[in-house]
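S.K.: Pasting a structure here, questions to come.
The values are calculated or read from the model by the stated rules, or taken from the named source; none is laboratory data. Predicted model, so just to flag it, every value in this text is computed and none were measured. Cβ: placed from backbone, ideal geometry, glycine included. Neighbour counts: every protein chain shown. Note: accessible area is taken over every heavy atom of the protein model, side chains too, but ligands, DNA and RNA are not part of it. Shrake-Rupley method; radii C 1.70, N 1.55, O 1.52, S 1.80 Å.
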Amino acid sequence: MSEIANRRPLRSRQTGWATTLAQVLFKTPLTPNAVSVAGIGFAAAGATCFVFAGDKPLLWLGGALFIQLRLLANLMDGLLAVEGGRKSPTGALFNEFPDRIEDALLLVAAGYGAGVPTLGWAAALLAMGTAYVRALGGSLGLPQDFRGPMAKQHRMALLTAGAVASLFVPALPWILGAIALGSALTAGRRLMRQAHLLNEAAR
């Protein structure tokens, strides 16, 4: 039950298309860990598109597509593990660690592709900070806090929109700046919530 309580809340998990795709995957021998690793592959492909998109703008669309495939892998690994009953002893590791690699690959590469590598690195570092703060709360016995305004799904939605917009305007410097600032705010909100809960528990 604790795994369910600490699961990232996603509306897409209850959609018809997600349920249908999960039912297809349930009939295969795929493991949740394998799907998690596939997410790294999608993120690496998206990052490659971003790095070269400065010279070939259509690659921004490729990067946007691979972001969505990365998110799809992140969704399906959880459905396979929980709803499909294929949890493994290493599932928690494969559920968490690939996300950090994927975020870093996409955000840093977007920075280089847009000509603002510093912003890409800043966005990646601060995004990792939000995940660190969430995991820190869990290590202290608190519920996992997935609040935004720049949780993973928000970052990736914004990055996808920025990649598509980059076909027409240089949007990514602004997008990466927003992700960096929003991630800092998100980490701060989560820390404040954790401090409140710890103080409440001590009374």
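S.K.: At 1.4 Å probe size, with the rest of the protein present, what percent of the exposed accessible area of the chain is carbon and sulfur atoms?
M.R.: Ligands and nucleic acids excluded, carbon and sulfur give 71 percent.
S.K.: So what does log10 I(q)/I(0) come out to for the chain at q = 0.15 Å⁻¹, using the Debye formula with one equal point on every Cα and no solvent?
M.R.: After summing over all Cα pairs, the log10 values are -0.94.
S.K.: Given H placed 1.01 Å from N in the peptide plane, which residues other than close sequence neighbours of ARG86 have an amide H under 5 Å from its amide H?
M.R.: Long-range HN contacts for ARG86: ALA81.
S.K.: Hey, another quick one. Name the residues of the range 127-147 whose amide N is less than 17 Å from a point 7 angstrom out from the Cα of LEU181 along the C-beta direction?
M.R.: 127
S.K.: Membrane-span-like helices in the chain: DSSP H runs reaching 18 Å or more (Cα, own axis), mean Kyte hydropathy at least -1.0?
M.R.: Helices meeting the criterion: 32-52, 59-81, 91-113, 117-139, 152-165, 172-202.
S.K.: Moving to a separate point now. Can you give the relative contact order of the chain as a percent, counting alpha carbon pairs under 8 Å and 6+ residues apart?
M.R.: 22
S.K.: Next question, about the same structure. For the chain, report the accessible area per residue in Å² (1.4 Å probe, heavy atoms, rounded to an integer).
M.R.: On a per-residue basis, the chain sits at 52 Å².
S.K.: Sticking with this structure for a sec: Gaussian network model of the chain, Cα springs within a sub-10 Å range: biggest mean-square fluctuation belongs to which of ASP55, ASP77, ASP99?
M.R.: The residue that fluctuates most here is ASP55.
S.K.: How much FRET efficiency would the formula 1/(1 + (r/R0)^6) give for ALA202 and VAL82, where r is the Cβ-Cβ distance and R0 is 41 Å, rounded to 0.05?
M.R.: For R0 = 41 Å, the calculated efficiency reads 0.80.
S.K.: Let me check something: with ligands and nucleic acids excluded, how do TYR112, TYR132 order by accessible area (1.4 Å probe), largest to smallest?
M.R.: Correct descending sequence by accessible area is TYR132, TYR112.
S.K.: On to the next question. Using the Cα centre as the reference, give the magnitude of the dipole from point charges on the C-beta atoms of the chain (Lys, Arg: +1; Asp, Glu: -1; all else neutral), rounded to the nearest 20 debye.
M.R.: Once rounded to the nearest 20, the dipole reads 420 debye.
S.K.: So which lysines pass the test for LYS87, namely a Cα distance under 26 Å, with those fewer than 8 places away in the same chain ruled out?
M.R.: Correct list for LYS87: LYS27, LYS152.
S.K.: While we're here: Considering the zone a paramagnetic label at THR20 would reach in this model (a point 7 Å from Cα along the Cα-to-Cβ line), which residues of the range 48-86 have amide N under 15 Å from it?
M.R.: none
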